[in-house]
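What follows is a set of notes on a single structure, which appears directly below.
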């Protein structure tokens, strides 16, 4: 392929997802646009309920339908719009071309099947390998993600492994068919801090090795800084700011991002009350008009209560959905 | 595992002794078998005394019990009052009931699990609701009603099957009685499976299986069903014992000469050796069925380990 410019690996455009529940329609994702290139890491940051996991599930095609429905937008993956594919074609993409790592490896692995069977299954289903050959592949995978005595442990069950080892197995499963894109949904949240670092290192190393695109979903700003290239901050189902990682840390262009950064505990502020963004994220069945962040925003003006801010370009590779991004970027606090 | 089995087998001994003694006590203490032998006519006192002595009936109850147990372990279950050895009755009755139970278990497993899976995967929709109503109706109708109604409709009115089962009870003729016997359990299996499937369908590992790009049938059979069947297997296992002993009504309706039929006859005629003998075997069936279920648990769910 020598086409120029190189198409993005994943190009999500104006994606909309809603959940039709008894209590009304919850608009979980309201027009998310992001891109991931091969070898790049996009970190998607946001509170619980900001739509970061739902967006990823829509990209993977594993939304719970019903109640979840994709109601608009496009998901281009290697140039094809996944939303136009049939069910069977879509399935063949999942696991083989794009894979997902989940948060809690203990509940995300099947408790009654050996890890070897669960890893090998990828080769049996997608590559048509025999059970025996698949098991051999499973051992290789386990060795690759650093599980000691892999050949002896291939028949063990998930509950017989430690938390860190289980997450390594999850990673191995995602990696099995060397996909172009990996979506990691809070891969380290359920782990000890020391193990977190090991797992993140492993993930970053494997990503480099296979030149994969990586979407890292997290609410942990600390995890992001070291591994991500770009950050997308989500709020109430929208991207409120995107920026290259270091620029975002140095000078956020959205009051919400600023609030998030200010609420990181810092050693030099020991003893002082930790900053917290006041208020709560909006109810997704009744998102306020105007900018969804306006009830909590220290900069909110009348215009914020009436007009939804578009994503303003805020410099090279940067965008902010704030009417006052210039003021925010300038450091008016 | 081996130690666990040995411990369980040892635990069976007191249960076996306790339950057989209770049966023995109830059957022998609550009626005079010698009087029953003679029916309406009063027996000659000397003959009656002679029979009592021959049958150890003049001994205290605990001695009778010990003697009986001693004989049982030598393979002698005594003689029915018509002179036939009880073991002969068993040899004729148990294969028939075993076949009936097999038919019933198969029906309840296949139909119950299928219905349960379909309704569980479509929770809250029309299929699910109708299956639920069906199971509710089935559970509410007693066997003697459903048995006679089905026998009349299928056997007599439309003539699709033979209304009564012949003496050697071939599998084909046992289909309808099998359905009747299975109905109530089938409803339970359906509901158990449905709940289990609906609950597990939202489990994280099912989402993982979908994210792995597995075909839907593989997600359901290999990942969802495997986990959902654990409570169902327990029920079916314990139900084997219940079906074998509880087929009295069904066997009566369809004139099947199995365990239920013999038990019914035995109770009716106060034929104590038959009743005690058959029930003793049923106790053993129950005990072993339970043990096998518990062992199956560990096979189905590797998180369970017996030491």
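The values are calculated or read from the model by the stated rules, or taken from the named source; none is laboratory data. Nothing here was measured: the structure is a model prediction, and the numbers come from that model. Here the Cβ positions follow ideal geometry from the backbone for every residue, glycine too, while neighbour counts run over all protein chains shown.
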Has the stretch B:27-43 got at least one residue that is out of contact with any helix residue (DSSP H, G or I) (no Cβ under 9 Å at 6 or more places or on another chain) and part of a helix (DSSP H, G or I)?
no
Hey, among B:164, B:169, which residue is more than 20 Å from residue B:110 (Cα to Cα), part of a loop (DSSP other than H, G, I, E, B) and touching a helix residue (DSSP H, G or I) at 6+ places or on another chain (Cβ under 6 Å)?
B:169
Might you let me know whether the stretch B:59-70 holds any residue that is out of contact with any helix residue (DSSP H, G or I) (no Cβ under 7 Å at 6 or more places or on another chain), outside any loop (DSSP other than H, G, I, E, B), under 30 Å from residue B:229 (Cα atoms) and at pLDDT 85 or above?
no
Unmet requirement for residue A:25, which otherwise passes all of (1) within 13 Å of chain B (Cβ to nearest Cβ); (2) closer than 27 Å to residue B:122 by Cβ:
(1)
Reported set for the stretch A:151-167 where residues are touching a residue at least 12 places away in the same chain (Cβ under 8 Å), at the interface with another protein chain (Cβ under 10 Å from one of its Cβ atoms) and part of a helix (DSSP H, G or I) is A:158, A:159
Determine whether residue A:285 is closer than 23 Å to residue A:32 by Cα, surrounded by fewer than 18 Cβ atoms within 10 Å (Cβ to Cβ) and touching a residue at least 24 places away in the same chain (Cβ under 8 Å).
yes
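Residues checked against (1) within 30 Å of residue B:175 (Cα to Cα); (2) surrounded by 15 or more Cβ atoms within 10 Å (Cβ to Cβ):
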| position | (1), (2) |
| --- | --- |
| B:41 | no, no |
| B:44 | no, no |
| B:47 | no, no |
| B:64 | no, yes |
| B:70 | no, no |
| B:77 | no, yes |
| B:90 | yes, yes |
| B:101 | yes, yes |
| B:107 | yes, yes |
Yes or no: the stretch A:127-140 includes at least one residue that is facing chain B (nearest Cβ under 10 Å) and surrounded by 19 or more Cβ atoms within 10 Å (Cβ to Cβ).
no
Per the filter on the stretch B:145-154, residues within 12 Å of residue B:253 (Cα to Cα) and surrounded by 17 or more Cβ atoms within 10 Å (Cβ to Cβ) are B:146, B:147, B:150, B:151
Return yes or no: is residue A:249 within 21 Å of residue A:26 (Cβ to Cβ), under 19 Å from the mean Cα position of the chain (by Cα), in contact (Cβ under 8 Å) with a residue 12 or more places away in the chain and assigned to a helix (DSSP H, G or I)?
no
Give the residues of the stretch A:100-115 that are at the interface with chain B (Cβ under 7 Å from one of its Cβ atoms) and either under 22 Å from the mean Cα position of the chain (by Cα) or surrounded by fewer than 19 Cβ atoms within 10 Å (Cβ to Cβ) (or both), sorted by residue number.
A:100, A:102, A:104, A:107, A:108, A:109, A:111
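With B:230, B:220 as the choices, which residue is outside any loop (DSSP other than H, G, I, E, B), surrounded by fewer than 19 Cβ atoms within 10 Å (Cβ to Cβ), in contact (Cβ under 8 Å) with a residue 40 or more places away in the chain and within 14 Å of chain A (Cβ to nearest Cβ)?
B:230
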So which residues in the stretch A:58-88 are without any contact (Cβ under 8 Å) to a residue 12 or more places away in the chain and either surrounded by 15 or more Cβ atoms within 10 Å (Cβ to Cβ) or touching a strand residue (DSSP E or B) at 6+ places or on another chain (Cβ under 9 Å) (or both)?
A:64, A:81, A:84, A:85
Within the stretch A:25-57, can you find the residues that are surrounded by fewer than 22 Cβ atoms within 10 Å (Cβ to Cβ) and assigned to a loop (DSSP other than H, G, I, E, B)?
A:37, A:38, A:39, A:40, A:47, A:48, A:49
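This table checks each residue for (1) touching a residue at least 24 places away in the same chain (Cβ under 8 Å); (2) assigned to a helix (DSSP H, G or I); (3) within 14 Å of chain A (Cβ to nearest Cβ).
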position: B:260; (1), (2), (3): yes, yes, no
position: B:263; (1), (2), (3): no, yes, no
position: B:279; (1), (2), (3): yes, yes, no
position: B:282; (1), (2), (3): yes, yes, no
position: B:285; (1), (2), (3): yes, yes, no
position: B:290; (1), (2), (3): yes, yes, no
position: B:294; (1), (2), (3): yes, yes, no
position: B:305; (1), (2), (3): no, no, yes
Restricting the stretch A:89-99 to residues that are touching a residue at least 60 places away in the same chain (Cβ under 8 Å) and buried (at least 20 other Cβ atoms within 10 Å of the Cβ), which is farthest from the other protein chains (Cβ to nearest Cβ)?
A:98
Subset tally (residues that are closer than 27 Å to residue A:82 by Cβ and away from chain B (no Cβ under 13 Å)) for the stretch A:168-186
2
Candidates A:290, A:315 - the one that is over 18 Å from residue A:233 (Cβ atoms) and either free of Cβ contacts under 8 Å to residues at least 40 places away in the same chain or part of a loop (DSSP other than H, G, I, E, B) (or both):
A:290
What number of residues within the stretch B:201-217 are within 10 Å of chain A (Cβ to nearest Cβ) and part of a helix (DSSP H, G or I)?
9
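Looking at the stretch B:233-258 only, could you name the residues that are in a loop (DSSP other than H, G, I, E, B) and either within 14 Å of another protein chain (Cβ to nearest Cβ) or surrounded by 24 or more Cβ atoms within 10 Å (Cβ to Cβ) (or both)?
Once the filter is applied, which keeps residues that are in a loop (DSSP other than H, G, I, E, B) and either within 14 Å of another protein chain (Cβ to nearest Cβ) or surrounded by 24 or more Cβ atoms within 10 Å (Cβ to Cβ) (or both), the stretch B:233-258 yields B:247, B:254, B:256, B:258.
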Can you work out which of the residues in the stretch A:58-84 that are within 14 Å of chain B (Cβ to nearest Cβ) and part of a loop (DSSP other than H, G, I, E, B) is nearest to residue A:21 (Cα to Cα)?
A:67
